[in-house]
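Just so you know, all these numbers are worked out from the coordinates, no wet-lab data involved. This one's a predicted model, so the numbers in the text were calculated from it and none came from an experiment. Cβ coordinates were reconstructed from backbone atoms using ideal geometry, including for glycine residues, and neighbour counts include every protein chain displayed.
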Amino acid sequence: MGYKHTHSRERIPQNLNDFDRIFIEINSDNWRVKAGDLSLKNQESYFAPFTRQASGLEVAAKINEHLQVSAAGAIVRGKFSTFTIVGK
């Protein structure tokens, strides 16, 4: 008796849309560029906090010791929700 291994073609991703998160990131000591599926988050702002899953481009750079800048442009797909439960 031998071992028989079978593959189901239904389990093998057929294109890039079948993967959950795809991105390319290039960085150095002073800058970073990320393109593809992004997790954008800003909880520091009182007036416009947000958390989004999007497809787009994110760029960040360290100008000097006291100044860092970042920017992102994206297309939001579907609806994303976050629930926070705080227990006592």
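Counting neighbouring Cβ atoms within 10 Å and putting the fewest first, the residues Thr51, Thr82 line up as Thr82, Thr51.
Look at the alpha carbon pairs under 8 Å that are at least 6 residues apart: their mean separation over the length of region 26-84 gives a relative contact order of 29 percent. When the square roots of the Cα gyration tensor eigenvalues are ordered a ≥ b ≥ c, the ratio a/c for region 18-76 is 1.5 or more and a/b does not exceed b/c, which makes its shape oblate.
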